[in-house]
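As structure tokens, the structure follows; a few thoughts come after it.
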Amino acid sequence: MNDVMEMLYLSGNDVLPGEPMARWTSLGIGGKVKALVLPHSDRSLLDAIQILREAGEKFRIMGMGTNLLVSDEGIDEFVINTSRITGVCINGDLIVADAGLPLKRLCHIVSSAGLSGLEELYGIPGSVGGAVFMNAGAYGKEVKDVLEWVELYDGGKLEKVDVKDLGLGYRKSGVGDRIILRAAFRLKKEDPEKVWAKMEEILQKRLSKQPVFERSAGSLFKRPRPDFYVGSTIEKLGLKGFRVGDIMISEKHAGFMVNKGNGSFKDAIRLIEKVKRTVKKAHGVELETEVIIWK
């Protein structure tokens, strides 16, 4: 394995052997991986993928870790983190952003350029790549509403895929095992002050309703159907504030799970299963986590 890590380093990546994932996830949970690999460019990213594949090493891709719950026992694999690949290019009303660029930073960039279309997504934690992969959305707007195309890598070739061919739906995409390198968004010209005012309004809504100052991984569950509101359902079932160890259903918004201290993976899984059982018993609905679980 040392030879693999040397090759990764020589190809321009930073390599952190035995890195705890708790340092790289918003929940602050997760054991050690074989190594965390941090590319600084497309070239070092693609080289890392080739090196790991040729060595027969398993690996996973992550962005900013804002919707990840990782086992405390760790992952016996390499993890490639794209958070240092953050380029962006503006050409008229078309914005092309690298996968590792924080979505919040992208919103700032386009607002300064007088471009509208991402305001409702302002404040969603995570990267551009993660937002595309999950078709992130809020306040009636989804990524697919402004997405034009995505550049993907399938391990053999680069491919520019039109939004209509990506299979984007509610918190899902057809990206599969392909790796998102960058995404293009088609926006509209607008007065920068109007764009910023809308973004401030959205951020105020988030502040009033969501536990923005606590360690969470965003919305815990997907909405099973348009008329089924998960947070209010959990609250009505008496689970707001429900706690397993240091993991708790947020007292501010019951659709969020927060880490109040030294919460563990097992505590989080026990809490998730308790909520799912309770909702299934009361409403006959099987909840699916929006948080991605690695174990």
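Scanning region 109-119 for residues that are closer than 13 Å to K194 by Cα and either among the aromatic types (F, W, Y) or part of a helix (DSSP H, G or I) (or both) returns V110, S111, S112, E119. Just one residue in the set K34, K58 is over 15 Å from A99 (Cβ atoms), surrounded by 21 or more Cβ atoms within 10 Å (Cβ to Cβ) and either among the aromatic types (F, W, Y) or under 22 Å from the mean Cα position of the chain (by Cα) (or both); that residue is K34. For region 106-113, state whether one or more residues are modelled with pLDDT of 95 or more, farther than 30 Å from I29 by Cβ, surrounded by fewer than 21 Cβ atoms within 10 Å (Cβ to Cβ) and among the small types (G, A, S). Yes, region 106-113 contains at least one residue that is modelled with pLDDT of 95 or more, farther than 30 Å from I29 by Cβ, surrounded by fewer than 21 Cβ atoms within 10 Å (Cβ to Cβ) and among the small types (G, A, S). Regarding region 64-80, can at least one residue be identified that is within 26 Å of G156 (Cα to Cα), among the acidic types (D, E), over 17 Å from the mean Cα position of the chain (by Cα) and outside the structural domain of E290 (by TED's automatic domain parsing)? Yes: one or more hits.
The values are calculated or read from the model by the stated rules, or taken from the named source; none is laboratory data. Being a predicted model, the structure only gives us computed values, none of them experimental. Note: ideal-geometry Cβ built from the backbone for every residue, glycine included; neighbour counts use all protein chains shown.
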